[in-house]
Amino acid sequence: MPSRTRRSYDQFCATARALDSVGDRWALLIVRELLAGPRRYTDLHADLPGVSTDVLAARLKQMEADGLVSRRPQPRVYELTGRGRALLPVLDALAHWGAPELPPVPGETDAVRAHWWALPLRAALRAAVPDTTAVIDVSLPGGVFHLRLDDEAPSVYGEGPAPEGSTATLALTPESCATLLQDRAQAEKTLRAALP
């Protein structure tokens, strides 16, 4: 049973208990980053602009106590446990729900990372072509990342081209990514055209 050393909703309710573990600010964004695989603290901090080092350290410590994250000493990295990885469908649902809120272009003060498209794009492509286990390299103006559409893969995405090689490559813009999130038929057409 997870540790309950911080404030709690104190409700005998599964949703409230889940929010006791992942309802704090930054928790689900840490999970988003760790779905790419093990990460060093400095890499997490770099890809979570706006989080203070104190808050990040506290969240990681609490997530470790809750059994969502584990820390390996050599090399010193954080990674998701099975329980933490089980949050992937939650992040997929939140990304799907939040996609209509994205404006056509980032705001003047918005931080942007190309790999932040990975989870919503992966969910859209999996929904459009559910029978594929493709590994897809995605190129955006801000960078390159790869997606693994197989749920059994050790990480569902990662930065840069897939080290093991990819099944397909997609060259996209933020606008075309947004279209793929909203239009399942277009997502299917795009993915099927890219697959061998």
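The values are calculated or read from the model by the stated rules, or taken from the named source; none is laboratory data. Values in this document were obtained by computation on a predicted structure and should not be read as measured data. Cβ atoms come from the backbone with ideal geometry, glycine included; neighbour counts cover every protein chain shown. SASA here: full protein model, heavy atoms, side chains in, ligands and nucleic acids out. Shrake-Rupley method; radii C 1.70, N 1.55, O 1.52, S 1.80 Å.
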Nearest-20 debye value, the chain charge dipole, Cβ charges on Lys, Arg, Asp, Glu: 580
Long-range HN-HN contacts of L170 with modeled amide H, under 5 Å: D137, V138, S139
Spatial separation of Cα centroids for the range 56-78 and the range 126-185, in angstrom: 27
Dipole of the chain, positive end: most advanced residue of L140, G160, V55 [Cβ charges, Cα centre]: V55
Heavy atoms of E164: accessible area, 1.4 Å probe, square angstrom to 10: 100
Global form of the range 1-158, assessed from the alpha-carbon gyration tensor, a/c cut-off 1.5: rounded
Solvent-accessible ranking of V105, V144, largest area first, probe 1.4 Å: V105, V144
Backbone N within the range 33-59 under 12 Å of label point (7 Å from S155 Cα along the Cβ vector): 33-40, 43-44
Surface accessible to a 1.4 Å probe, V90 within the full protein complex, Å²: 70
Distance (nanometres) between label positions extended 7 Å along Cα→Cβ at S52 and L195: 4.8
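Sum up the charges of everything whose Cβ sits under 13 Å from the Cβ of D92, counting Lys and Arg as +1 and Asp and Glu as -1, but leave D92 out. Present the calculation step by step, with values, prior to reporting the outcome.
On the way: positive: R32, R85, R122, R126; negative: D151.
Combined, the nearby Lys, Arg, Asp and Glu give +3.
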Expected 222 nm ellipticity per residue - DSSP helices of 4 or more, -39500 (n - 2.57), all of the chain, to 500: -12000 deg cm²/dmol
Net charge over other residues, Cβ less than 9 angstrom from the Cβ of V144 (K, R count +1; D, E count -1): -2
Percent carbon-and-sulfur accessible area, the range 6-53, ignoring ligands, DNA and RNA, probe 1.4 Å: 56
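Of all the accessible heavy-atom surface of the range 106-181, with the other protein chains kept in place and a 1.4 Å probe, what percent is carbon and sulfur?
In the range 106-181, the share of accessible area belonging to carbon and sulfur is 53 percent.
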Probe 1.4 Å, protein heavy atoms only - accessible area per residue of the range 53-116 in square angstrom: 64
Residues of the range 138-160 with amide N under 20 Å of the 7 Å Cα→Cβ point at E79: 146-160
